[in-house]
1. Using the charge dipole of the range 12-57 (Lys, Arg: +1 at Cβ; Asp, Glu: -1 at Cβ; taken about the Cα centre), state which of HIS46, THR56, VAL12 has its Cα farthest towards the positive end.
2. Taking all pairs of distinct Cα atoms, average 1/r, flip it, and tell me the Kirkwood hydrodynamic radius of the range 12-57 in Å to one decimal place.
3. Given charges of +1 on the Cβ of Lys and Arg and -1 on the Cβ of Asp and Glu, with all other atoms neutral, how large is the dipole of the range 12-57 about its Cα centre, in debye to the nearest 20?
4. What nm value, rounded to one decimal, do you get for the distance between ILE41 and LYS10 when each label is placed 7 Å out toward the C-beta?
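Only the coordinates and a few stated rules stand behind these numbers; no lab work does. Remember, it's a predicted structure, so these values are computed and weren't measured experimentally. Please note: Cβ atoms are built from the backbone with ideal geometry, for glycine as well, and neighbour counts cover all protein chains shown.
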Amino acid sequence: MLAIRTFGLKHVGRLLGMIPMVLQSGLKGKIPLSGPLHRPISSIQHIQRLFKRVRTKS
């Protein structure tokens, strides 16, 4: 799985700059089977809060 930081759909210039990397990833078979656009995680706020608590305790 290819782990990269994305910029959202509002930053078109940055997304266009990622096209060469996306093409290389596609040729190497590293694009997920669900497609390049994923559904948002419904409980992401809970997960983020959990990570913040763990980080502040350590």
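1. THR56
2. The Cα-based Kirkwood calculation yields 13.5 Å.
3. 380
4. 2.1
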